[in-house]
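Here's the structure, in C-alpha coordinates; my notes come after.
The values are calculated or read from the model by the stated rules, or taken from the named source; none is laboratory data. As the structure is a prediction and not an experimental result, all values here were calculated from the model. Glycine also receives a Cβ, built like all others from the backbone with ideal geometry; neighbour counts cover every protein chain displayed. What goes into the accessible areas is simple: the full protein's heavy atoms, side chains included, and nothing from ligands, DNA or RNA. Shrake-Rupley method; radii C 1.70, N 1.55, O 1.52, S 1.80 Å.
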Amino acid sequence: MSALWALADVNSMYASCEQVFRPDLQGRPVIVASNNDGSIIARNKEAKAVGIKMGVPLHQCGDLIRQHRVTVFSSQYTLYGDMSNRIMTLFAEMAPAIEVYSIDECFLYYPSGLNQAVTHGAFMRDHIKQCTGLGIGVGFGLSKTQAKLANHLAKTRPETEGVFDFSSLSHLEQTEWMEQIGIEEVWGVGRRYVERLGLMGISTVRQLRDANLEQIKTKFGAVLARTVLELRGISCLPLEAAAPDKQQIMCSRSFAKEVTALPVLRSAIIHHLCRAMQKLRQQESVAAGVVVMIRTNPFKPGQAQYHASMTGMLPVPSDDTLVLQAYTEQVLNRLYRAGYAYKKAGIMLVDVRPKQIEQQDLFAPPPTSAPKRAGLMLAMDQISRRFGAEKIKLASELYHGWEMRRERLSPRYTTRWDELPKVSL
DNA sequence: TCTGGGGTCCTAGGACCC
DNA sequence: TCTGGGGTCCTAGGACCC
(Lines give C-alpha, C1' and ligand atoms only; values in the text may rest on other atoms or scores of the structure.)
Protein backbone atom coordinates (compact mmCIF):
# COMPACT_ATOMS: atom_id res chain seq x y z
CA MET A 1 0.00 0.00 0.00
CA SER A 2 1.36 3.41 -0.84
CA ALA A 3 1.84 6.17 1.66
CA LEU A 4 -1.19 8.25 2.52
CA TRP A 5 -1.66 11.86 3.57
CA ALA A 6 -4.49 13.40 5.51
CA LEU A 7 -5.27 17.04 6.11
CA ALA A 8 -7.51 17.79 9.05
CA ASP A 9 -8.71 21.25 9.92
CA VAL A 10 -11.16 22.87 12.26
CA ASN A 11 -14.36 24.32 10.83
CA SER A 12 -14.29 28.11 11.34
CA MET A 13 -11.69 27.69 14.06
CA TYR A 14 -11.92 31.04 15.84
CA ALA A 15 -15.71 31.23 15.82
CA SER A 16 -15.92 27.60 16.99
CA CYS A 17 -13.48 28.20 19.87
CA GLU A 18 -15.66 31.05 21.10
CA GLN A 19 -18.81 28.95 20.77
CA VAL A 20 -17.44 26.02 22.72
CA PHE A 21 -17.55 28.18 25.83
CA ARG A 22 -20.85 29.80 24.96
CA PRO A 23 -23.35 26.99 24.47
CA ASP A 24 -26.08 29.60 24.51
CA LEU A 25 -24.87 30.67 21.03
CA GLN A 26 -25.52 27.25 19.53
CA GLY A 27 -27.20 27.65 16.14
CA ARG A 28 -26.69 31.44 16.18
CA PRO A 29 -24.44 33.45 13.84
CA VAL A 30 -21.01 34.20 15.35
CA ILE A 31 -18.10 36.15 13.87
CA VAL A 32 -14.62 37.06 15.05
CA ALA A 33 -12.94 40.34 14.19
CA SER A 34 -9.29 40.93 13.40
CA ASN A 35 -6.97 42.79 15.77
CA ASN A 36 -8.26 46.27 16.51
CA ASP A 37 -11.77 44.98 15.75
CA GLY A 38 -10.96 45.92 12.16
CA SER A 39 -12.29 43.38 9.72
CA ILE A 40 -13.98 39.99 9.82
CA ILE A 41 -11.60 37.04 9.95
CA ALA A 42 -13.86 34.17 10.98
CA ARG A 43 -17.52 33.27 10.60
CA ASN A 44 -19.46 30.21 11.65
CA LYS A 45 -21.81 28.63 9.14
CA GLU A 46 -24.84 30.52 10.41
CA ALA A 47 -22.98 33.81 9.89
CA LYS A 48 -21.99 32.78 6.36
CA ALA A 49 -25.62 31.88 5.69
CA VAL A 50 -26.88 35.37 6.53
CA GLY A 51 -24.43 36.84 4.05
CA ILE A 52 -21.51 38.06 6.15
CA LYS A 53 -18.38 38.15 4.01
CA MET A 54 -14.79 37.32 4.93
CA GLY A 55 -12.32 40.19 5.25
CA VAL A 56 -14.92 42.94 5.15
CA PRO A 57 -14.42 45.84 7.59
CA LEU A 58 -16.59 45.31 10.64
CA HIS A 59 -18.08 48.79 10.48
CA GLN A 60 -19.53 47.99 7.04
CA CYS A 61 -21.54 45.09 8.45
CA GLY A 62 -23.44 46.99 11.11
CA ASP A 63 -26.81 46.43 9.46
CA LEU A 64 -26.37 42.71 8.91
CA ILE A 65 -25.08 42.28 12.44
CA ARG A 66 -28.04 44.05 14.02
CA GLN A 67 -30.59 42.53 11.70
CA HIS A 68 -29.55 38.93 12.35
CA ARG A 69 -28.34 39.50 15.91
CA VAL A 70 -24.87 38.28 15.07
CA THR A 71 -22.53 37.86 18.03
CA VAL A 72 -19.18 39.57 17.46
CA PHE A 73 -15.95 38.66 19.26
CA SER A 74 -12.59 40.42 19.28
CA SER A 75 -9.91 37.91 18.38
CA GLN A 76 -8.33 36.13 21.32
CA TYR A 77 -5.25 34.26 20.25
CA THR A 78 -4.47 33.04 23.75
CA LEU A 79 -7.65 30.97 23.63
CA TYR A 80 -7.25 29.79 20.01
CA GLY A 81 -3.61 28.86 20.58
CA ASP A 82 -4.47 26.80 23.62
CA MET A 83 -7.30 24.99 21.84
CA SER A 84 -4.94 24.39 18.94
CA ASN A 85 -2.40 22.71 21.21
CA ARG A 86 -5.08 20.37 22.51
CA ILE A 87 -6.13 19.33 19.02
CA MET A 88 -2.59 18.79 17.80
CA THR A 89 -1.87 16.58 20.80
CA LEU A 90 -4.85 14.44 19.82
CA PHE A 91 -3.82 14.28 16.16
CA ALA A 92 -0.37 13.11 17.20
CA GLU A 93 -2.01 10.05 18.73
CA MET A 94 -3.87 9.24 15.53
CA ALA A 95 -1.02 8.91 13.01
CA PRO A 96 2.60 7.74 12.88
CA ALA A 97 3.71 11.30 12.06
CA ILE A 98 2.09 14.70 11.89
CA GLU A 99 2.97 18.18 10.70
CA VAL A 100 1.28 21.09 12.42
CA TYR A 101 0.63 23.30 9.43
CA SER A 102 -1.23 26.22 10.97
CA ILE A 103 -3.20 27.09 14.07
CA ASP A 104 -6.13 24.99 12.84
CA GLU A 105 -4.63 22.59 10.30
CA CYS A 106 -2.58 19.45 10.57
CA PHE A 107 -1.14 17.01 8.04
CA LEU A 108 -1.17 13.40 9.18
CA TYR A 109 1.17 10.98 7.45
CA TYR A 110 0.66 7.24 7.09
CA PRO A 111 3.84 5.88 5.45
CA SER A 112 2.35 2.43 4.91
CA GLY A 113 -1.11 3.60 3.98
CA LEU A 114 -4.34 3.03 5.85
CA ASN A 115 -7.18 0.56 5.50
CA GLN A 116 -10.57 2.21 5.48
CA ALA A 117 -9.36 5.80 5.45
CA VAL A 118 -12.91 7.11 5.50
CA THR A 119 -13.74 5.12 8.63
CA HIS A 120 -10.59 6.40 10.30
CA GLY A 121 -11.53 9.95 9.31
CA ALA A 122 -14.95 9.56 10.87
CA PHE A 123 -13.34 8.33 14.07
CA MET A 124 -11.03 11.37 14.08
CA ARG A 125 -14.02 13.67 13.81
CA ASP A 126 -15.88 12.01 16.66
CA HIS A 127 -12.85 11.90 18.91
CA ILE A 128 -11.90 15.56 18.40
CA LYS A 129 -15.51 16.59 18.91
CA GLN A 130 -15.76 14.65 22.11
CA CYS A 131 -12.47 15.87 23.56
CA THR A 132 -12.60 19.54 22.54
CA GLY A 133 -16.07 20.35 21.28
CA LEU A 134 -14.66 21.43 17.91
CA GLY A 135 -15.82 20.13 14.53
CA ILE A 136 -13.22 19.15 11.94
CA GLY A 137 -13.08 18.10 8.29
CA VAL A 138 -10.69 15.40 7.07
CA GLY A 139 -9.35 14.87 3.55
CA PHE A 140 -7.16 11.99 2.37
CA GLY A 141 -4.92 11.81 -0.69
CA LEU A 142 -1.67 10.52 -2.15
CA SER A 143 0.02 13.91 -1.70
CA LYS A 144 -0.40 16.90 0.54
CA THR A 145 -2.07 18.83 -2.28
CA GLN A 146 -4.55 16.01 -2.89
CA ALA A 147 -5.28 15.81 0.83
CA LYS A 148 -5.93 19.56 0.91
CA LEU A 149 -8.29 19.27 -2.03
CA ALA A 150 -10.07 16.32 -0.44
CA ASN A 151 -10.47 18.40 2.69
CA HIS A 152 -12.13 21.11 0.63
CA LEU A 153 -14.69 18.58 -0.59
CA ALA A 154 -15.17 17.25 2.94
CA LYS A 155 -16.07 20.72 4.11
CA THR A 156 -18.21 21.89 1.20
CA ARG A 157 -20.16 18.76 0.23
CA PRO A 158 -22.65 17.75 2.92
CA GLU A 159 -22.96 14.25 1.45
CA THR A 160 -19.33 13.53 2.43
CA GLU A 161 -20.19 13.96 6.11
CA GLY A 162 -16.91 15.73 6.71
CA VAL A 163 -14.56 13.08 5.30
CA PHE A 164 -13.32 12.61 1.75
CA ASP A 165 -10.69 10.26 0.32
CA PHE A 166 -9.11 10.72 -3.10
CA SER A 167 -6.72 7.79 -2.80
CA SER A 168 -9.37 5.09 -2.89
CA LEU A 169 -11.02 6.44 -6.06
CA SER A 170 -10.38 5.17 -9.57
CA HIS A 171 -8.67 7.52 -12.00
CA LEU A 172 -12.01 8.13 -13.69
CA GLU A 173 -13.75 8.96 -10.43
CA GLN A 174 -10.96 11.35 -9.47
CA THR A 175 -11.26 13.02 -12.85
CA GLU A 176 -14.99 13.47 -12.38
CA TRP A 177 -14.51 15.20 -9.04
CA MET A 178 -11.70 17.35 -10.32
CA GLU A 179 -13.84 18.52 -13.24
CA GLN A 180 -16.19 20.07 -10.70
CA ILE A 181 -13.63 22.06 -8.72
CA GLY A 182 -12.15 25.40 -9.78
CA ILE A 183 -8.37 25.87 -9.63
CA GLU A 184 -8.79 28.61 -7.06
CA GLU A 185 -9.39 25.86 -4.49
CA VAL A 186 -5.99 24.30 -5.11
CA TRP A 187 -3.31 24.83 -2.48
CA GLY A 188 -0.62 27.00 -4.08
CA VAL A 189 -2.88 28.62 -6.66
CA GLY A 190 -3.64 32.20 -5.71
CA ARG A 191 -5.47 35.05 -7.41
CA ARG A 192 -2.70 35.85 -9.92
CA TYR A 193 -2.27 32.30 -11.06
CA VAL A 194 -6.03 31.88 -11.48
CA GLU A 195 -6.01 34.85 -13.87
CA ARG A 196 -2.99 33.73 -15.86
CA LEU A 197 -4.03 30.10 -16.04
CA GLY A 198 -7.50 31.23 -17.08
CA LEU A 199 -5.99 32.99 -20.09
CA MET A 200 -4.47 29.66 -21.09
CA GLY A 201 -7.88 28.01 -20.83
CA ILE A 202 -7.14 26.26 -17.55
CA SER A 203 -9.87 26.76 -15.00
CA THR A 204 -10.74 23.38 -13.48
CA VAL A 205 -8.56 21.20 -11.31
CA ARG A 206 -8.80 18.47 -13.93
CA GLN A 207 -7.34 20.81 -16.55
CA LEU A 208 -4.52 21.86 -14.24
CA ARG A 209 -3.70 18.26 -13.34
CA ASP A 210 -3.49 17.34 -17.03
CA ALA A 211 -1.64 20.47 -18.14
CA ASN A 212 1.69 20.31 -19.96
CA LEU A 213 4.28 20.12 -17.19
CA GLU A 214 7.13 21.75 -19.13
CA GLN A 215 4.90 24.62 -20.15
CA ILE A 216 3.78 25.18 -16.57
CA LYS A 217 7.38 25.07 -15.41
CA THR A 218 8.64 27.66 -17.89
CA LYS A 219 5.66 29.98 -17.54
CA PHE A 220 5.04 29.73 -13.80
CA GLY A 221 8.11 28.20 -12.23
CA ALA A 222 9.01 25.14 -10.26
CA VAL A 223 6.47 25.64 -7.50
CA LEU A 224 3.36 25.34 -9.64
CA ALA A 225 4.90 22.46 -11.61
CA ARG A 226 5.23 20.64 -8.32
CA THR A 227 1.58 21.35 -7.56
CA VAL A 228 0.62 19.73 -10.87
CA LEU A 229 2.59 16.61 -9.98
CA GLU A 230 1.02 16.53 -6.54
CA LEU A 231 -2.45 16.70 -8.09
CA ARG A 232 -1.50 13.66 -10.15
CA GLY A 233 -0.83 11.83 -6.91
CA ILE A 234 2.95 12.09 -7.03
CA SER A 235 4.01 13.26 -3.60
CA CYS A 236 6.70 15.97 -3.87
CA LEU A 237 6.37 17.86 -0.61
CA PRO A 238 7.93 16.21 2.43
CA LEU A 239 6.59 16.02 5.94
CA GLU A 240 8.02 18.75 8.14
CA ALA A 241 7.66 17.22 11.55
CA ALA A 242 9.46 19.96 13.47
CA ALA A 243 8.76 23.58 12.71
CA PRO A 244 11.98 25.10 11.40
CA ASP A 245 13.39 28.12 13.23
CA LYS A 246 12.06 31.43 12.00
CA GLN A 247 14.36 33.35 9.68
CA GLN A 248 12.66 36.61 10.50
CA ILE A 249 10.44 37.61 13.38
CA MET A 250 7.90 40.34 12.94
CA CYS A 251 5.77 42.12 15.51
CA SER A 252 3.53 44.96 14.45
CA ARG A 253 0.12 46.39 15.34
CA SER A 254 -2.29 49.05 14.24
CA PHE A 255 -3.39 51.57 16.84
CA ALA A 256 -6.98 52.14 17.87
CA LYS A 257 -6.35 55.89 17.72
CA GLU A 258 -3.73 57.54 15.58
CA VAL A 259 -0.47 58.42 17.30
CA THR A 260 1.57 61.56 16.65
CA ALA A 261 4.01 61.88 19.58
CA LEU A 262 7.39 60.20 19.32
CA PRO A 263 7.46 58.87 22.92
CA VAL A 264 4.14 57.08 22.37
CA LEU A 265 5.29 55.65 19.06
CA ARG A 266 8.52 54.57 20.74
CA SER A 267 6.58 52.83 23.51
CA ALA A 268 4.66 50.81 20.94
CA ILE A 269 7.78 49.89 19.00
CA ILE A 270 9.81 48.91 22.03
CA HIS A 271 6.89 46.83 23.24
CA HIS A 272 6.83 44.98 19.90
CA LEU A 273 10.61 44.59 20.09
CA CYS A 274 10.33 42.97 23.53
CA ARG A 275 7.81 40.43 22.21
CA ALA A 276 9.96 39.67 19.19
CA MET A 277 13.09 39.24 21.31
CA GLN A 278 11.25 36.81 23.54
CA LYS A 279 10.34 34.71 20.50
CA LEU A 280 13.94 34.97 19.33
CA ARG A 281 15.32 33.64 22.63
CA GLN A 282 12.70 30.93 22.70
CA GLN A 283 14.10 29.44 19.48
CA GLU A 284 17.65 30.01 20.76
CA SER A 285 18.64 32.36 17.99
CA VAL A 286 20.33 35.72 17.67
CA ALA A 287 19.50 38.54 15.27
CA ALA A 288 21.92 40.79 13.41
CA GLY A 289 19.43 43.37 12.23
CA VAL A 290 16.24 45.13 13.14
CA VAL A 291 13.87 46.80 10.69
CA VAL A 292 11.68 49.55 12.13
CA MET A 293 8.43 50.31 10.28
CA ILE A 294 5.95 53.13 10.80
CA ARG A 295 3.05 54.30 8.69
CA THR A 296 0.05 56.59 8.55
CA ASN A 297 -3.44 55.39 7.64
CA PRO A 298 -3.56 54.51 3.92
CA PHE A 299 -7.37 54.41 4.07
CA LYS A 300 -7.42 58.15 4.59
CA PRO A 301 -6.06 59.36 1.26
CA GLY A 302 -6.88 63.00 2.06
CA GLN A 303 -4.46 62.91 4.97
CA ALA A 304 -0.70 63.45 4.65
CA GLN A 305 0.84 60.00 4.16
CA TYR A 306 4.17 58.69 5.37
CA HIS A 307 5.13 55.06 5.06
CA ALA A 308 8.70 54.24 5.88
CA SER A 309 11.06 51.62 7.20
CA MET A 310 14.73 51.56 8.01
CA THR A 311 17.15 48.85 9.08
CA GLY A 312 19.71 48.94 11.85
CA MET A 313 22.51 46.39 11.58
CA LEU A 314 24.48 45.18 14.59
CA PRO A 315 28.21 44.51 14.43
CA VAL A 316 27.58 41.33 16.42
CA PRO A 317 24.28 39.43 16.37
CA SER A 318 22.55 39.43 19.73
CA ASP A 319 19.56 38.13 21.67
CA ASP A 320 19.80 40.87 24.30
CA THR A 321 16.72 43.07 24.31
CA LEU A 322 18.65 46.04 25.70
CA VAL A 323 21.24 45.85 22.93
CA LEU A 324 18.57 45.74 20.22
CA GLN A 325 16.62 48.45 22.00
CA ALA A 326 19.46 50.92 21.55
CA TYR A 327 19.62 50.28 17.80
CA THR A 328 15.87 50.36 17.45
CA GLU A 329 15.58 53.73 19.16
CA GLN A 330 18.36 55.20 17.02
CA VAL A 331 16.68 54.00 13.85
CA LEU A 332 13.31 55.30 14.99
CA ASN A 333 14.74 58.75 15.71
CA ARG A 334 16.02 58.93 12.15
CA LEU A 335 12.80 57.56 10.69
CA TYR A 336 10.31 59.64 12.65
CA ARG A 337 8.76 62.72 11.06
CA ALA A 338 6.75 65.03 13.26
CA GLY A 339 3.31 66.14 12.13
CA TYR A 340 2.02 62.83 10.80
CA ALA A 341 -0.80 60.80 12.32
CA TYR A 342 0.63 57.29 12.61
CA LYS A 343 -1.70 54.31 12.41
CA LYS A 344 0.65 51.37 12.61
CA ALA A 345 4.14 50.57 13.82
CA GLY A 346 6.25 47.49 14.05
CA ILE A 347 9.65 45.90 13.96
CA MET A 348 11.14 42.91 12.23
CA LEU A 349 14.19 40.98 13.40
CA VAL A 350 16.23 39.95 10.39
CA ASP A 351 19.40 37.99 9.78
CA VAL A 352 18.25 35.53 12.41
CA ARG A 353 20.60 32.62 13.01
CA PRO A 354 21.25 29.95 15.63
CA LYS A 355 22.94 31.20 18.77
CA GLN A 356 25.54 28.41 18.94
CA ILE A 357 27.53 29.56 15.95
CA GLU A 358 27.64 33.14 17.15
CA GLN A 359 30.44 35.14 15.52
CA GLN A 360 32.38 37.40 17.87
CA ASP A 361 33.45 40.89 16.88
CA LEU A 362 37.23 40.97 16.68
CA PHE A 363 37.37 44.61 17.73
CA ALA A 364 34.68 44.62 20.40
CA PRO A 365 35.74 44.92 24.03
CA PRO A 366 35.54 41.60 25.89
CA PRO A 367 31.93 41.00 26.93
CA THR A 368 32.44 41.13 30.69
CA SER A 369 28.75 41.73 31.36
CA ALA A 370 27.50 38.97 29.08
CA PRO A 371 26.66 36.31 31.67
CA LYS A 372 24.81 38.81 33.84
CA ARG A 373 22.82 40.09 30.91
CA ALA A 374 21.90 36.58 29.81
CA GLY A 375 20.62 36.03 33.33
CA LEU A 376 18.61 39.22 33.15
CA MET A 377 16.97 38.15 29.89
CA LEU A 378 16.15 34.75 31.36
CA ALA A 379 14.59 36.40 34.41
CA MET A 380 12.52 38.73 32.22
CA ASP A 381 11.26 35.82 30.14
CA GLN A 382 10.36 33.79 33.20
CA ILE A 383 8.51 36.65 34.86
CA SER A 384 6.53 37.35 31.66
CA ARG A 385 5.60 33.74 31.25
CA ARG A 386 4.61 33.16 34.85
CA PHE A 387 2.92 36.41 35.78
CA GLY A 388 1.97 37.92 32.41
CA ALA A 389 3.83 40.09 29.92
CA GLU A 390 2.43 43.28 31.42
CA LYS A 391 4.24 42.69 34.73
CA ILE A 392 7.76 43.51 33.51
CA LYS A 393 8.57 46.26 31.02
CA LEU A 394 11.31 48.56 29.86
CA ALA A 395 11.02 52.24 30.79
CA SER A 396 10.70 53.14 27.09
CA GLU A 397 7.46 51.17 26.93
CA LEU A 398 5.63 53.12 29.56
CA TYR A 399 3.72 55.64 27.47
CA HIS A 400 0.12 54.73 26.66
CA GLY A 401 -2.16 55.74 23.84
CA TRP A 402 -1.17 53.18 21.22
CA GLU A 403 -3.19 50.18 22.39
CA MET A 404 -5.51 48.06 20.23
CA ARG A 405 -9.24 48.22 20.28
CA ARG A 406 -10.69 44.95 21.57
CA GLU A 407 -14.16 45.75 22.73
CA ARG A 408 -15.69 42.31 22.35
CA LEU A 409 -13.06 40.20 24.03
CA SER A 410 -14.18 36.94 25.62
CA PRO A 411 -12.56 35.64 28.83
CA ARG A 412 -9.33 33.64 28.62
CA TYR A 413 -11.27 30.56 29.66
CA THR A 414 -8.43 28.08 29.47
CA THR A 415 -5.33 29.99 30.53
CA ARG A 416 -6.34 32.18 33.51
CA TRP A 417 -7.56 30.86 36.84
CA ASP A 418 -9.69 33.94 37.39
CA GLU A 419 -11.37 33.61 33.98
CA LEU A 420 -12.31 29.94 34.04
CA PRO A 421 -15.81 29.27 32.73
CA LYS A 422 -18.33 29.10 35.55
CA VAL A 423 -20.23 25.85 35.73
CA SER A 424 -23.46 25.52 37.63
CA LEU A 425 -23.97 22.02 38.98
C1' DT B 1 -15.40 56.69 14.32
C1' DC B 2 -14.06 52.22 11.88
C1' DT B 3 -10.04 48.44 6.99
C1' DG B 4 -5.18 42.32 10.67
C1' DG B 5 -0.70 40.18 11.45
C1' DG B 6 2.31 36.99 10.50
C1' DG B 7 5.35 34.07 7.42
C1' DT B 8 7.87 31.22 3.24
C1' DC B 9 9.99 30.23 -1.21
C1' DC B 10 11.39 31.25 -5.95
C1' DT B 11 13.24 34.00 -9.66
C1' DA B 12 15.55 37.49 -12.20
C1' DG B 13 19.12 40.51 -12.50
C1' DG B 14 23.29 42.74 -11.03
C1' DA B 15 27.86 42.59 -8.90
C1' DC B 16 31.70 40.21 -8.67
C1' DC B 17 35.02 36.29 -9.24
C1' DC B 18 38.30 33.30 -11.99
C1' DT C 1 34.14 43.99 -37.44
C1' DC C 2 35.04 41.37 -33.74
C1' DT C 3 34.13 41.35 -27.62
C1' DG C 4 34.18 34.02 -23.35
C1' DG C 5 32.14 31.03 -20.24
C1' DG C 6 31.32 29.69 -16.25
C1' DG C 7 30.20 30.27 -11.37
C1' DT C 8 28.38 32.43 -6.60
C1' DC C 9 26.14 35.63 -3.75
C1' DC C 10 22.93 39.13 -2.76
C1' DT C 11 18.73 41.75 -3.20
C1' DA C 12 14.22 43.13 -4.64
C1' DG C 13 10.01 41.83 -6.05
C1' DG C 14 6.44 38.63 -6.81
C1' DA C 15 3.86 34.81 -5.75
C1' DC C 16 1.87 32.00 -2.32
C1' DC C 17 0.08 30.40 2.58
C1' DC C 18 -2.80 30.87 7.12
Out of curiosity, is A:Ala122 away from DNA strand B (no atom under 16 Å from the Cβ) and either modelled with pLDDT under 95 or surrounded by 24 or more Cβ atoms within 10 Å (Cβ to Cβ) (or both)?
no
Checklist (1) open to solvent by 50 Å² or more (accessible area, probe 1.4 Å); (2) touching a helix residue (DSSP H, G or I) at 6+ places or on another chain (Cβ under 6 Å) applied to A:Tyr80, failing item:
(1)
Conditions first: (1) away from DNA strand C (no atom under 15 Å from the Cβ); (2) closer than 25 Å to A:Arg22 by Cβ; (3) part of a loop (DSSP other than H, G, I, E, B). A:Leu114 passes all but one, so which condition is the exception?
(2)
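Per-residue answers, yes or no, for (1) closer than 24 Å to A:Pro244 by Cβ; (2) touching a strand residue (DSSP E or B) at 6+ places or on another chain (Cβ under 9 Å):
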{"residue": "A:Glu284", "(1), (2)": "yes, yes"}
{"residue": "A:Val290", "(1), (2)": "yes, yes"}
{"residue": "A:Ile294", "(1), (2)": "no, yes"}
{"residue": "A:Pro298", "(1), (2)": "no, yes"}
{"residue": "A:Pro301", "(1), (2)": "no, no"}
{"residue": "A:Tyr306", "(1), (2)": "no, yes"}
{"residue": "A:Met313", "(1), (2)": "yes, yes"}
{"residue": "A:Asp319", "(1), (2)": "yes, yes"}
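Do we have A:Val100 as assigned to a helix (DSSP H, G or I) and either within 12 Å of DNA strand B (Cβ to nearest atom) or under 24 Å from A:Leu237 (Cα atoms) (or both) here?
Numbers: assigned to a helix (DSSP H, G or I): no; either within 12 Å of DNA strand B (Cβ to nearest atom) or under 24 Å from A:Leu237 (Cα atoms) (or both): yes.
So A:Val100 does not fit the description; no.
Within region A:211-230, does at least one residue satisfy the condition of being over 27 Å from the mean Cα position of the chain (by Cα), of a type outside the set (Asp, Glu) and under 16 Å from A:Thr175 (Cα atoms)?
Our first condition is that a residue be over 27 Å from the mean Cα position of the chain (by Cα); within region A:211-230, this holds for A:211-219.
When the remaining residues are screened for being of a type outside the set (Asp, Glu), the result is A:211-213, A:215-219.
Filter once more, so that each one left must be under 16 Å from A:Thr175 (Cα atoms): A:211.
Scanning region A:211-230, I find at least one residue that is over 27 Å from the mean Cα position of the chain (by Cα), of a type outside the set (Asp, Glu) and under 16 Å from A:Thr175 (Cα atoms), so the answer is yes.
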Within region A:44-65, tally of residues that are within 15 Å of DNA strand B (Cβ to nearest atom), surrounded by 14 or more Cβ atoms within 10 Å (Cβ to Cβ) and part of a helix (DSSP H, G or I):
3
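Identify all residues within region A:17-28 that are under 19 Å from A:Met88 (Cβ atoms) and surrounded by 23 or more Cβ atoms within 10 Å (Cβ to Cβ); write none if there are none.
Pass one, region A:17-28, residues under 19 Å from A:Met88 (Cβ atoms): A:17, A:20.
Selection gives A:Cys17 alone.
Residue check: is A:Ile31 open to solvent by 10 Å² or more (accessible area, probe 1.4 Å), modelled with pLDDT of 95 or more and not in a loop (DSSP other than H, G, I, E, B)?
Values: open to solvent by 10 Å² or more (accessible area, probe 1.4 Å): no; modelled with pLDDT of 95 or more: yes; not in a loop (DSSP other than H, G, I, E, B): yes.
In short, no.
Here is a yes/no grid of residues against (1) within 15 Å of DNA strand B (Cβ to nearest atom); (2) hydroxyl-bearing (Ser, Thr, Tyr):
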{"position": "A:Gly188", "(1), (2)": "yes, no"}
{"position": "A:Glu195", "(1), (2)": "no, no"}
{"position": "A:Leu199", "(1), (2)": "no, no"}
{"position": "A:Ile202", "(1), (2)": "no, no"}
{"position": "A:Val205", "(1), (2)": "no, no"}
{"position": "A:Leu213", "(1), (2)": "yes, no"}
{"position": "A:Thr218", "(1), (2)": "yes, yes"}
{"position": "A:Thr227", "(1), (2)": "yes, yes"}
{"position": "A:Leu231", "(1), (2)": "no, no"}
Pairs returned, first residue in region A:98-115 that is within 17 Å of A:Asn85 (Cβ to Cβ) and without any contact (Cβ under 8 Å) to a residue 12 or more places away in the chain, second residue that is open to solvent by 60 Å² or more (accessible area, probe 1.4 Å) and within 16 Å of DNA strand C (Cβ to nearest atom), beta-carbon separation under 9 angstrom, 6 or more apart or interchain, are none
If you scan region A:190-235, which residues turn out to be touching a Ser or Thr at 6+ places or on another chain (Cβ under 7 Å) and not in a helix (DSSP H, G or I)?
A:Gly233, A:Ile234, A:Ser235
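With over 23 Å from A:Arg125 (Cα atoms), within 15 Å of DNA strand C (Cβ to nearest atom) and of a type outside the set (A, V, I, L, M, F, W, C) as the only criterion, which of A:Ser39, A:Ser84, A:Ser16, A:Ser12 stands out? Step through it out loud before you land on a result.
On the way: A:Ser84 fails: over 23 Å from A:Arg125 (Cα atoms); A:Ser16 fails: over 23 Å from A:Arg125 (Cα atoms); A:Ser12 fails: over 23 Å from A:Arg125 (Cα atoms).
From the options A:Ser39, A:Ser84, A:Ser16, A:Ser12, the qualifying one is A:Ser39.
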What's the number of the condition A:Glu179 fails, among (1) away from DNA strand C (no atom under 13 Å from the Cβ); (2) over 20 Å from A:Ala147 (Cβ atoms); (3) exposed (fewer than 14 other Cβ atoms within 10 Å of the Cβ)?
(2)
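Which one of A:Gln305, A:Gln325, A:Gln278 is assigned by TED's automatic domain parsing to the domain that holds A:Met380, away from DNA strand B (no atom under 15 Å from the Cβ) and not in a strand (DSSP E or B)?
Details: A:Gln305 fails: away from DNA strand B (no atom under 15 Å from the Cβ); A:Gln278 fails: away from DNA strand B (no atom under 15 Å from the Cβ).
After ruling out the rest, the residue left standing is A:Gln325.
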Going through (1) open to solvent by 40 Å² or more (accessible area, probe 1.4 Å); (2) more than 29 Å from A:Ser16 (Cα to Cα); (3) of a type in the set (A, V, I, L, M); (4) part of a loop (DSSP other than H, G, I, E, B) one by one, A:Leu172 fails only at (4)
Single condition A:Pro158 does not satisfy, out of (1) open to solvent by 60 Å² or more (accessible area, probe 1.4 Å); (2) more than 14 Å from DNA strand C (Cβ to nearest atom); (3) in contact (Cβ under 8 Å) with a residue 40 or more places away in the chain; (4) under 23 Å from A:Asn11 (Cβ atoms)
(3)
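Please go through region A:237-278 and give me each residue that is within 22 Å of A:Asp381 (Cα to Cα) and loosely packed, with under 15 Cβ neighbours inside 10 Å, ordered by number. Can you show your working first?
In the first step, residues of region A:237-278 are kept if they are within 22 Å of A:Asp381 (Cα to Cα); the result is A:243-253, A:266-278.
Listed by number, the residues that qualify are A:Ala243, A:Pro244, A:Asp245, A:Gln247, A:Gln248.
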Considering only residues of region A:217-236 that are closer than 15 Å to A:Gly141 by Cβ and open to solvent by less than 40 Å² (accessible area, probe 1.4 Å), which is farthest from DNA strand C (Cβ to nearest atom)?
A:Gly233
